[in-house]
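Notes to accompany the following structure.
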Amino acid sequence: MSTVLTWQISSDSSDATERIGAELGARLRGGEVIELLSDLGGGKTTLVRGIARGAGSHDNVASPSFTISREYQAGDLTLHHYDFYRLGEGGLMNQELADVLDDPQAVVIVEWAKIVDQVLPPDRVLIKIEAIDENKRRLHFSAPQHLAYLKSEPA
């Protein structure tokens, strides 16, 4: 098992959370899998908006809560953003997700991943967004050593 890196960054606004996402997005190479954990309204879509922008996407980023998935083009990369909150079981999404995970030009971002956990690789990035108050967030990152290039130092 590889060494796991952990770090945290504090955010005092949604703009700051988006900037943190942009820093992460600028480091993406393709093939990364990112799992987001937070309560409803915790800032996951705001972070993804930043990730997409940082990766070079000009697409309008919106929550996939009702559509289950959204795609964003970012240069040579395709960001696949999944939200499985409303699913009772993975079903066909397991196969769709497995197909996307085989694409080296894909970046997969998953919310409410427990439903498809058996399909996701164990060496994924985990970002837990902790709400401190209405505007402040603390983002806890955990990533395998081979993804150390994603690590950002607190500003």
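The values are calculated or read from the model by the stated rules, or taken from the named source; none is laboratory data. Since this is a predicted model, take the numbers as computed values, not measurements. Don't worry about glycine lacking a Cβ; one is built from the backbone with ideal geometry, like all the others, and counts go over all protein chains shown.
Structure notes:
- Pairs where the first residue, in the range 1-20, is touching a residue at least 40 places away in the same chain (Cβ under 8 Å) and within 16 Å of HIS140 (Cβ to Cβ) and the second is surrounded by 12 or more Cβ atoms within 10 Å (Cβ to Cβ) and among the aromatic types (Phe, Trp, Tyr), C-beta under 6 Å, 6+ apart: TRP7/PHE141
- Neighbours by Cβ (under 9 Å, 6+ apart or cross-chain): first from the range 77-95, more than 12 Å from GLN118 (Cα to Cα); second among the basic types (Lys, Arg) and modelled with pLDDT of 70 or more: LEU77/ARG29; LEU79/ARG70; HIS80/ARG70; HIS81/ARG70; TYR82/ARG70; ASP83/LYS44; ASP83/ARG70; PHE84/LYS114
- Search result, residues across the range 115-131 that are more than 11 Å from GLY31 (Cβ to Cβ) and either surrounded by 19 or more Cβ atoms within 10 Å (Cβ to Cβ) or in contact (Cβ under 8 Å) with a residue 24 or more places away in the chain (or both): ILE115, VAL116, GLN118, VAL119, LEU120, VAL125, LEU126, ILE127, LYS128, ILE129, GLU130, ALA131
- Here THR45 clears all of (1) within 12 Å of the chain's Cα centre (by Cα); (2) modelled with pLDDT of 90 or more; (3) over 20 Å from ARG137 (Cα atoms) except the condition numbered (3).
Results for (1) more than 20 Å from LEU120 (Cβ to Cβ); (2) assigned to a loop (DSSP other than H, G, I, E, B); (3) touching a Gly at 6+ places or on another chain (Cβ under 7 Å), shown as yes or no for each residue.
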site: GLU18; (1), (2), (3): yes, no, yes
site: LEU36; (1), (2), (3): no, no, no
site: LEU40; (1), (2), (3): yes, yes, no
site: VAL48; (1), (2), (3): no, no, yes
site: ARG53; (1), (2), (3): yes, no, yes
site: ALA62; (1), (2), (3): yes, yes, no
site: GLU71; (1), (2), (3): no, no, no
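- Number of positions in the range 102-114 that are modelled with pLDDT of 95 or more and surrounded by 21 or more Cβ atoms within 10 Å (Cβ to Cβ): 3
- Flag for LEU92 being at pLDDT below 95 and aliphatic (A, V, I, L, M): yes
- ALA22 meets all of the listed conditions (1) under 17 Å from LEU147 (Cβ atoms); (2) crowded, with 16+ Cβ neighbours inside 10 Å but one, namely (1).
- Any strands (runs of 3 or more DSSP E) falling wholly within the range 106-155 and containing at least 3 residues that are under 17 Å from ALA55 (Cβ atoms): 106-111
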